[in-house]
Each structure stands twice: as structure tokens, then as C-alpha cells.
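K.L.:
One structure, as C-alpha cells, below. Some questions next.
Please treat every number below as a calculation from the coordinates, not as lab data. Note that the structure is a prediction, hence the values are computed from the model and not measured. Cβ atoms come from the backbone with ideal geometry, glycine included; neighbour counts cover every protein chain shown.
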Amino acid sequence: MSKKILDLFHIKSGINDTREKEKTNIYTIEDWQSDMSNLFDDSDRTNHSVFKNSDSYAKYSLQEGDIIISLLSVKAVKVTSNSVSKVINKNFVYLRAKNNELDSDYFIYYFNESKAIRRQLAREMQGSLVVRLTPAVLKGLEITYPDRIQQSKIGLFYQLSRKLEILQNKRDSLMKKYLSGFFYKESQVKRGL
């Protein structure tokens, strides 16, 4: 089956936070990266703002399970509980499912990895010097998807493979830190320091 994103999701663009006088709990690039890793650790988090969002921002506030698309990196992530009620700015768009027809993890896989999406984006943004997705282009993108059971399997496999990749990168980073510290200590011992 195939449908346009506009037929499957409610799409909301973010606010221009540089013009806002009222302090709000803004969804930042750090929040997006945290949601992207899906391995959030509260101890690594700095709280950017602790203000409760006013009613005027309710329509921009995130809910758990929403899908966030970065208009700059053209990647999708699912909102985690750590980003709930934050307000998106103009660098992001959120998608909220109109119905239960499409598995959100499958959508994220398809949007982030599909060659069909890349071809559609290349065609729509042809001639642009700056690669930046617009909400208008996003609404017109077409998603091809199998039955719900297959979607769930594909989406789960994609999320697990991303987590594995993230853990492998963390392991490699820790190993480099450990080895560099180990060899530094060895060189100090050899020099008699």
C-alpha cells in the first residue's frame, strides 16, 4: 500500500523561538539527538528550561510517540518520555498519527533509510543550494508500506539495530579512552615519573 504523509499524519511546524518573549521548554538539538539514540540517561541531561508551557504553545507541545523530523538533517525520531511537553522550534516538524494504519517505528525506518524517500527528496529539492526539508515537501512524500504485522517486525528490527550500533560506538569510545590512559600510564612508568 502507498499513501502520502499528509494522509497518514497530522503535521505541525515549530515556532520561531527567537521572537518569543515568554520562556518556554524548547525542544533542542540535544533533545533530538537524545531521542535519536533512544538510550536516554538522566545523569547526562542538562535542563534547558523548567518553565511550564502556556496554553498558547499547547499545539506545539510534544506527546510521547510523536515523530519528530529535523528539517536540517532530514531524519526522523520518535519522541521519548523525556521530551514530552517540550515545544518544537522552526527546525523541527512533528507528525502525529491520524489512525493506527502505520507503525511509527516502520515509518522512522522508511523515512531514514528508504531509497524511495531519498529519490523523492532529490526530485523535490532539485536546484536547491541549501538542503533543507520544507513542510510542504514533507506533506507530499509518499510512503509505501506492508501489512501492520510486517511493519512492526521491520520497525522493531530497525530500532534494535540502531541500539546495537549506538552501544558498539560507546564501547569503541570507552575502549579508546581506556587504552589511551593505559598507554599514557605505561609511558610515565618507563620514564620513571
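K.L.:
Name the shape class, rounded, prolate or oblate, that the alpha-carbon gyration tensor gives for segment 55-170, where a ≥ b ≥ c are the square roots of its eigenvalues, rounded holds for a/c under 1.5, and otherwise prolate holds if a/b is larger than b/c and oblate otherwise.
P.N.:
rounded
K.L.:
Let me ask another. Using label points projected 7 Å from each Cα along Cα→Cβ, tell me how many nm separate residue 134 and residue 99, to one decimal.
P.N.:
Going by the 7 Å Cα→Cβ label model, 3.0 nm.
K.L.:
Per residue of segment 140-153, in order, report the coupling 6.51 cos²θ - 1.76 cosθ + 1.60 (Karplus, θ = phi - 60°) as ³J(HN,Hα) in whole Hz, putting x for Gly and Pro.
P.N.:
So the J values, rounded to whole Hz, are x, 5, 9, 10, 9, 8, x, 5, 4, 5, 5, 4, 4, 5.
K.L.:
Sticking with this structure for a sec: In nm, to one decimal, how far is the residue 17 label point from the residue 175 one, both placed 7 Å along Cα→Cβ?
P.N.:
Result for the modelled spin labels: 3.6 nm.
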